[in-house]
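S.K.: First, the structure itself, so that you have it in front of you.
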Amino acid sequence: MVYVKLVLLLTALLAVMPSHSGATGTPPSTVEITVEKDDFLIAICDRYLEKPSLWPRIARVNRLANPDRLKPGQKLLIPVDMLKGTPLEGSITFIKGRATSSIGSDSVPQVLSLGSKVKPGSEVRTSAESSVEISYEDGTSFILRDNSSVSVKAAKKTASHYLRQLFLSGGKIISRIKAATGRGSRNEIRTPSAVAEARGTVYRVSLDDRKTTRSEVLEGKIAVSSIAGAVSVKEGEGTFVPLNGIPSAPRKLVQPPEPADLQQLYRDLPIRISLRRTEGAALQGVVISRDTGGKDVLREETAAPTEVVEIDGLEDGYYTLRTFGLDTDGLEGIPSEPLEFQVRLNPLPPMLNAPSEDGKVFSSVVDLTWLQVKDAAKYHVQLAGDNQFSQMIAEEPAVDKTHLRIGNLPPGSYSFRARSIAEDGYAGKWSVVQEFTIVPPPPAPSAERPQVKGEAVFLRWAPVGRSALYQVQVSTDERFAQQVILDEKVKQPAISIPEPKQPGTYFVRVRGIEKEGREGDFSAPQSFTVERSFPYWSLGALGIIPLILIFAL
């Protein structure tokens, strides 16, 4: 009986034929079996190969001088892609944006959705700002980031192990390989320049426009090989492989930078985040995702260590931020632990309507108005004597209309702002500050002393400011509470009135009226006197009476 002993080998150390993919010229992954007594090559191939007729290739791989003569205990290497097994289908367990799958160059790409199956031989592509997760029954998963393409060259399950071969032709893939239950399980990601192979680990593989492959290990270890060499990369290390080049010596990944000013709540965009510089980082960046697992990536931005990272285009919601660094060769560092924050832009600040900005108000009663906001249930309104709102004059925290009247305001400068209140009580951002001025009314005119000439009284006063009219009043009551005998409006700062017929003291006052109708204060009352005239007619009557009496005698 033949038993199978599966071990992890660095493929660059095996003298075997090139892989059928032809992607890198590197040897294929292999499993190792031990020959027992009375066994021969054709029988072994019949039991373990998908196509037993390919036994000559096994002979070449193992450099067998005589394939018919095998010794008990002898080791044979069998390429993984030649083994028998049940085809494995992957399932789409996460998708964002648009991703497609096709089998063969002539097939029409099918749009993927949650639960879609990915069969061996499929090519999966993601569009811009898209990502997809392919998961398998053993717990292994692959996350394909945006603008990426991967082909599932092989995916099968044998009696004791799982075998998967992926070819990344562009973009980035994050692999989470469940620790293998069988020692011969193989998971490899090939690119045009390298092969990354693992049994149980979490690692990233990316391919840039120059066909340079970068591999970074977050857990466990992987073997990375090319046509020119191979390296073993441990947890916290990375390597890069240029096209037709040799893998670089594994180096430690840079540590994640710490955000210096991350807030729990952002009320407006863009978000600006300063990152404390970390050693060895040529660039530093952040990844914003909706989930703590980092699958639903929304934004990924990088900046120089001295620059601020800006994130725009986020909607209301809760988000997770991870930071990372990139070294001088573009190897992505270890991601930070997820940090949560919230963005809430709605309800938006109301747009203030009246009084108009820098406007002048000619009344002590002011109507504050604003436009309605869609998600606002109420509005919080403030009126202050300064634009810092430290001199609060009026405040209404729950106005259910879009206007507020405030009276008895003295002349001066004012600042007005408002914010929207959501149904759940959340207060949005304050509006822009609207400033206005209440213009003081016209001052009381300075009136001259009335002049009585002949049968007319002349009244004059100094012109005042913006007055368009003047109101003149004459009364026998110094308080003008009653007996107002004249109340007239004139345009000129003078008036001539007939002298009152009744003798006595009369009082005069005047005030200005602006064209908007606002009235100023009355001037201090001035007075004039109409003298009582002597009754000369009575003297004439007294002279005639004696004459009449004389003539009568």
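S.K.: Restricting to DSSP H runs of at least four residues, report the calculated mean residue ellipticity at 222 nm for the chain, -39500 (n - 2.57) per run over all residues, nearest 500 deg cm²/dmol.
M.R.: Computed mean residue ellipticity for the chain: -2000 deg cm²/dmol.
S.K.: Here's another thing I want to ask about it. Where both partners of a DSSP beta bridge lie in the chain, what percent of those bridges are antiparallel, to the nearest 5?
M.R.: If I count the DSSP bridges inside the chain, around 95 percent turn out antiparallel.
S.K.: Under a Cβ-Cβ cut-off of 11 Å, what is the net charge of the residues other than residue 485 that fall near it, where Lys and Arg count +1 and Asp and Glu count -1? Don't skip to the answer; put the middle values down first.
M.R.: Details: positive: 501; negative: 477, 487, 488.
Counting the neighbours of residue 485, the net charge comes to -2.
S.K.: Starting from the 7 Å offset along Cα-to-Cβ, what nm value, one decimal, do you get for the label separation of residue 117 and residue 424?
M.R.: Using points 7 Å along Cα→Cβ, the separation is 4.1 nm.
S.K.: What is the distance in Å between the Cα centres of segment 498-515 and segment 194-266?
M.R.: One Cα centre to the other: 98 Å.
S.K.: For the pairs 172/295; 96/429; 96/234; 157/234, note any where the Cα-Cα span goes beyond 24 Å.
M.R.: On the way: 172/295 13 Å; 96/429 31 Å; 96/234 31 Å; 157/234 27 Å.
From 172/295; 96/429; 96/234; 157/234, over 24 Å: 96/429; 96/234; 157/234.
S.K.: Report, to one decimal in Å, the Kirkwood hydrodynamic radius for segment 265-343 based on all distinct Cα pairs.
M.R.: By the Kirkwood definition, the hydrodynamic radius is 12.8 Å.
S.K.: Taking the DSSP beta bridges in segment 352-438 as the whole, what percent of them are antiparallel, to the nearest 5?
M.R.: If we restrict to bridges inside segment 352-438, about 90 percent are antiparallel.
S.K.: Taking the Cβ of each residue in 404, 207 as the centre, tally the other Cβ atoms inside 10 Å and list the residues starting with the fewest. Could you put the intermediate results ahead of the total?
M.R.: Details: 404 18, 207 25.
Fewest to most other Cβ atoms nearby, the residues stand as 404, 207.
S.K.: A further question on this structure: Any idea how far the Cα center of segment 59-86 sits from the one of segment 380-447, in Å?
M.R.: Cα centroid of segment 59-86 versus Cα centroid of segment 380-447: 89 Å apart.
S.K.: To continue, here is another question. How many nm separate the modelled label positions at residue 261 and residue 337, each set 7 Å beyond the Cα in the direction of the Cβ?
M.R.: 2.4
S.K.: Follow-up. How many angstrom lie between the C-alpha centres of segment 268-328 and segment 120-179?
M.R.: 26
S.K.: Over the chain, what is the mean sequence separation of C-alpha contacts under 8 Å (at least six apart), divided by residue count, expressed as relative contact order in percent?
M.R.: Value for the chain: 7 percent.
S.K.: While we're on this one: Just order 337-344, 235-242 by mean Cβ neighbour count inside 10 Å, highest at the front, would you?
M.R.: Those peptides, ordered most packed to least, come out 235-242, 337-344.
S.K.: I've got another one for you. With Kirkwood radius over Cα pairs in Å as the read-out, I listed [x] 32.1; [y] 26.2; [z] 25.0; which label goes with the value calculated from this structure?
M.R.: [x]
S.K.: Moving to a separate point now. Could you calculate the FRET efficiency of residue 93 with residue 353 from 1/(1 + (r/R0)^6), where r is the beta carbon distance between them and R0 is 45 Å, rounded to 0.05?
M.R.: In this case the efficiency is close to 0.30.
None of the figures in this text is laboratory data; all of them are computed from the coordinates on show. What you are looking at is a predicted structure, and each value in this text was computed from that prediction instead of being measured. Glycine gets a Cβ as well: all are built from the backbone with ideal geometry, and neighbour counts include every protein chain shown.
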